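Heads up: the structure comes next, in structure tokens.
The values are calculated or read from the model by the stated rules, or taken from the named source; none is laboratory data. In this text the structure is predicted, and so the values were computed from the model without any measurement. Here Cβ is always computed from backbone atoms with ideal geometry, including for glycine, and neighbour counts include all displayed protein chains.
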Amino acid sequence: MAWESRLSAERPDLDLVPEWRYDEDICLAETPIFTLRQRRGTSPSDPANTGRFVYLDCPDWVNVIALTAEREVVAIEQCRHGLAEVTLEIPGGMVDPGESPFEAGIRELREETGYEGELARTIGSVSPNPAILNNHCYTVLVENARRATSPALDANEEIAVRLISLDQIAGLIRAGAIHHALVVAAFHHLALQGDA
């Protein structure tokens, strides 16, 4: 792993855990959003240490921070059925087969908000929950965003678009008004760019 060699160079005294070996990967259940799978893992340090591990096989996801020329964030409100409440977020969704995270971000922004922009680029990625998920979530930054068309929402989507000044975002996160973990991570990637 690339990070392993960088970390070893910085901390030669640190023993890193080797990756386990996996086999017997089986499907337990399929849904439109993810597949529940189970695989057997074996520790390379101790071959007697084995276990069966359940995980969710998911497509990659993308979030989009779209900034207007006035440095407003194109935010959305929508009902999230896991929490059964309306949340304040940024546009995003699943990366379709054959689509790059960058392409998915541009598509999701247009579909959910009707906005388009310029200078779009991917600024980071996270593993949403590597204990049980095998996917990544990418953050795409779009600048000079402007309303170009009407949203094209899915059948069950109900989305309201809100423009929020970028300098208000940290306060909204601090107050818990923005609490979606992947959205918070996206704004951290933006801060690392020096744009927040």
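Structure above, values below:
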item: Region 57-79, residues that are in a strand (DSSP E or B), among the hydrophobic types (A, V, I, L, M, F, W, C) and either free of Cβ contacts under 8 Å to residues at least 40 places away in the same chain or crowded, with 16+ Cβ neighbours inside 10 Å (or both); result: 61, 62, 64, 65, 66, 67, 73, 74, 75, 76
item: Check on residue 156, assigned by TED's automatic domain parsing to the domain that holds residue 184 and either at pLDDT 95 or above or of a type in the set (Asp, Glu) (or both); result: no
item: Which listed residue is in the same structural domain as residue 71 (by TED's automatic domain parsing) and out of contact with any Lys or Arg (no Cβ under 9 Å at 6 or more places or on another chain), from 99, 111, 116; result: 111
item: Odd one out for residue 62, checked against (1) modelled with pLDDT of 95 or more; (2) closer than 23 Å to residue 191 by Cβ; (3) out of contact with any Gly (no Cβ under 7 Å at 6 or more places or on another chain); result: (3)
item: Those residues of region 123-166 which are closer than 19 Å to residue 106 by Cβ and among the basic types (Lys, Arg), in sequence order; result: 146, 147
item: Failed criterion for residue 82 (all others in (1) at pLDDT below 95; (2) of a type outside the set (Phe, Trp, Tyr); (3) crowded, with 18+ Cβ neighbours inside 10 Å hold); result: (3)
item: One residue from 100, 125 being within 30 Å of residue 39 (Cα to Cα), small (Gly, Ala, Ser), touching a residue at least 24 places away in the same chain (Cβ under 8 Å) and surrounded by 14 or more Cβ atoms within 10 Å (Cβ to Cβ); result: 125
item: Region 24-56: number of residues that are more than 30 Å from residue 81 (Cβ to Cβ), touching a residue at least 12 places away in the same chain (Cβ under 8 Å) and not in a loop (DSSP other than H, G, I, E, B); result: 4
item: Some residue of region 157-177 being in contact (Cβ under 8 Å) with a residue 24 or more places away in the chain, touching a Gly at 6+ places or on another chain (Cβ under 9 Å) and either surrounded by fewer than 18 Cβ atoms within 10 Å (Cβ to Cβ) or not hydrophobic (A, V, I, L, M, F, W, C) (or both); result: yes
item: Qualifying residue in region 78-94 (condition: among the acidic types (Asp, Glu), under 28 Å from residue 158 (Cβ atoms) and touching a strand residue (DSSP E or B) at 6+ places or on another chain (Cβ under 6 Å)); result: yes
item: Top-ranked residue in region 131-153 [being of a type outside the set (Gly, Ala, Ser) and free of Cβ contacts under 8 Å to residues at least 40 places away in the same chain; ranked as farthest from residue 88 (Cα to Cα)]; result: 149
item: Which numbered condition residue 112 fails, given (1) surrounded by fewer than 16 Cβ atoms within 10 Å (Cβ to Cβ); (2) closer than 21 Å to residue 102 by Cα; result: (1)
